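Trainee: I'd like to ask you about the structure that follows.
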């Protein structure tokens, strides 16, 4: 529905005939939304894409973007499991004339797109959910940003909240890719530094029919809790199901990739007391976003919805600040619109941000996740500690 609204709005803009920036008349600026619409996070990405669409709808409704131009979104499927497919999808978006890309959803796909598409084309790319620590050092020529915090931080948070519950020994399984390996390494370093022990760490492949061998190895370690670094629509959930079926584990530690409606729908009644972390906070800005999203039918509980809204908003505001759709120019203005000082811009306040920028002022985009970029384009972010109670995720505190 949002995509239909955005396309219709863009067509109205074309009909207006206004002469605007970049020598493009009243043509819409095209923005690529590249996410894993199929694959291991396919239940999470529709709400993420729709949340990005909320920001674009807000920008378009203001009539203030680049003197009256509109933004049109085009979607691409990165699949989250195939770097070649992610690269091909991004190349199609480039061929269709997108100015920048919001995505990809997963770290491996994002790395491939940055190296193979964004850098060669001088295009800005901003991921709302790629969290691998390795992306902090990628050769991106200053074109890659992310609104989701690095898993170097999530590893610390998971270690701290696990030790705070009196758990000093765990088994770990992780999906065999950049995300899984990066977070597993970060957690193990942090947990052992706090005096904890990782009894065993076992990689798993997504898409298998049977995970009994992996669960048997994990259970044989003697650990009573299992950290599952995986995907809610793939191996991670199947390992939990197998663990429950075999009586191997009954409490699980769950990072962001495992937080979603489908986990609760399938297994929630059997996961009482399981806990974990997810980017976000319980702040007023988060509540404002949840209300805005609910009004548009975005009612899922999955992660990175707010970060997706922020990503799309920041790209638009950076274009406005630069007065250009050139990738290097947009990148140069990302920190200018995201970081202090400047007029604070919150959820639902994008028209004000566009107005301040058009008048030559400075803004500090706060958004949902209180974005502040470091020199490498990474957002620090905060995490909610969540626990499953009564087949629902409940926030315990913010880290």
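Trainee: Kindly provide the set of residues from the range 144-162 that are modelled with pLDDT of 95 or more and either surrounded by fewer than 24 Cβ atoms within 10 Å (Cβ to Cβ) or farther than 21 Å from residue 103 by Cβ (or both), ordered by number.
Mentor: Residues satisfying the conditions are 155, 156, 157, 158, 159, 160, 161, 162.
Trainee: Further question on the same structure: Quick check on residue 184: is it in contact (Cβ under 8 Å) with a residue 40 or more places away in the chain, outside any helix (DSSP H, G or I) and more than 14 Å from residue 33 (Cα to Cα)?
Mentor: Spelling it out, it is not the case that residue 184 is in contact (Cβ under 8 Å) with a residue 40 or more places away in the chain, outside any helix (DSSP H, G or I) and more than 14 Å from residue 33 (Cα to Cα).
Trainee: Could you list all residues from the range 33-52 that are part of a helix (DSSP H, G or I) and either at pLDDT below 95 or surrounded by 24 or more Cβ atoms within 10 Å (Cβ to Cβ) (or both)?
Mentor: Pass one, the range 33-52, residues part of a helix (DSSP H, G or I): 45-52.
Within the range 33-52, 45, 48, 49, 51, 52 meet the criteria.
Trainee: Do we find a residue being out of contact with any helix residue (DSSP H, G or I) (no Cβ under 9 Å at 6 or more places or on another chain), at pLDDT 95 or above and more than 21 Å from residue 48 (Cα to Cα) anywhere in the range 247-266?
Mentor: yes
Trainee: While we're on this one: When residues of the range 159-188 are filtered for being over 16 Å from residue 397 (Cβ atoms) and within 24 Å of the chain's Cα centre (by Cα), how many remain?
Mentor: The number of residues fulfilling the criteria is 17.
Trainee: Still on this structure: With respect to residue 30, determine if the residue is modelled with pLDDT of 95 or more, in contact with a strand residue (DSSP E or B) (Cβ under 8 Å, 6 or more places away or on another chain) and surrounded by fewer than 24 Cβ atoms within 10 Å (Cβ to Cβ). Break it down stepwise before answering.
Mentor: Working: modelled with pLDDT of 95 or more: yes; in contact with a strand residue (DSSP E or B) (Cβ under 8 Å, 6 or more places away or on another chain): yes; surrounded by fewer than 24 Cβ atoms within 10 Å (Cβ to Cβ): yes.
It is true that residue 30 is modelled with pLDDT of 95 or more, in contact with a strand residue (DSSP E or B) (Cβ under 8 Å, 6 or more places away or on another chain) and surrounded by fewer than 24 Cβ atoms within 10 Å (Cβ to Cβ).
Trainee: Determine whether residue 311 is assigned to a helix (DSSP H, G or I), more than 24 Å from residue 397 (Cβ to Cβ), in contact with a helix residue (DSSP H, G or I) (Cβ under 8 Å, 6 or more places away or on another chain) and at pLDDT 95 or above. Step through it out loud before you land on a result.
Mentor: Values: assigned to a helix (DSSP H, G or I): yes; more than 24 Å from residue 397 (Cβ to Cβ): yes; in contact with a helix residue (DSSP H, G or I) (Cβ under 8 Å, 6 or more places away or on another chain): yes; at pLDDT 95 or above: yes.
Yes: the conditions hold for residue 311.
Trainee: Let me ask something else about it. Of all the residues that make up the range 352-384, how many are on the phi > 0 side of the Ramachandran plot and out of contact with any strand residue (DSSP E or B) (no Cβ under 9 Å at 6 or more places or on another chain)?
Mentor: Counting residues in the range 352-384 that are on the phi > 0 side of the Ramachandran plot and out of contact with any strand residue (DSSP E or B) (no Cβ under 9 Å at 6 or more places or on another chain) gives 1.
So that you can scan it fast, the table gives a plain yes or no per residue for (1) part of a loop (DSSP other than H, G, I, E, B); (2) in contact (Cβ under 8 Å) with a residue 40 or more places away in the chain; (3) in contact with a helix residue (DSSP H, G or I) (Cβ under 9 Å, 6 or more places away or on another chain):
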| site | (1), (2), (3) |
| --- | --- |
| 324 | yes, yes, yes |
| 341 | yes, no, no |
| 351 | no, yes, yes |
| 367 | yes, yes, yes |
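Trainee: Looking only at the range 63-73, decide whether some residue is buried (at least 22 other Cβ atoms within 10 Å of the Cβ), closer than 27 Å to residue 237 by Cα and touching a strand residue (DSSP E or B) at 6+ places or on another chain (Cβ under 8 Å).
Mentor: Within the range 63-73 (the criterion being buried (at least 22 other Cβ atoms within 10 Å of the Cβ), closer than 27 Å to residue 237 by Cα and touching a strand residue (DSSP E or B) at 6+ places or on another chain (Cβ under 8 Å)), the answer is no, since none of the residues qualifies.
Trainee: Here is a further query. Residues in the range 298-307: is at least one out of contact with any strand residue (DSSP E or B) (no Cβ under 9 Å at 6 or more places or on another chain), at pLDDT 95 or above and surrounded by fewer than 21 Cβ atoms within 10 Å (Cβ to Cβ)?
Mentor: no
Trainee: Taking the range 77-92 on its own, how many of its residues are out of contact with any helix residue (DSSP H, G or I) (no Cβ under 7 Å at 6 or more places or on another chain) and either modelled with pLDDT under 95 or surrounded by 24 or more Cβ atoms within 10 Å (Cβ to Cβ) (or both)?
Mentor: Total meeting the criteria: 3.
Trainee: Still on this structure: Show me the helices (runs of 4 or more DSSP H) entirely contained within the range 202-303 in which 3 or more residues are under 17 Å from the mean Cα position of the chain (by Cα).
Mentor: Working: elements: 212-220, 235-246, 261-267, 284-295.
Fully inside the range 202-303 and qualifying: 284-295.
The values are calculated or read from the model by the stated rules, or taken from the named source; none is laboratory data. Computed from a predicted model, the values in this text were never measured in an experiment. Neighbour counts run over all protein chains shown; Cβ positions are idealised from the backbone, glycine included.
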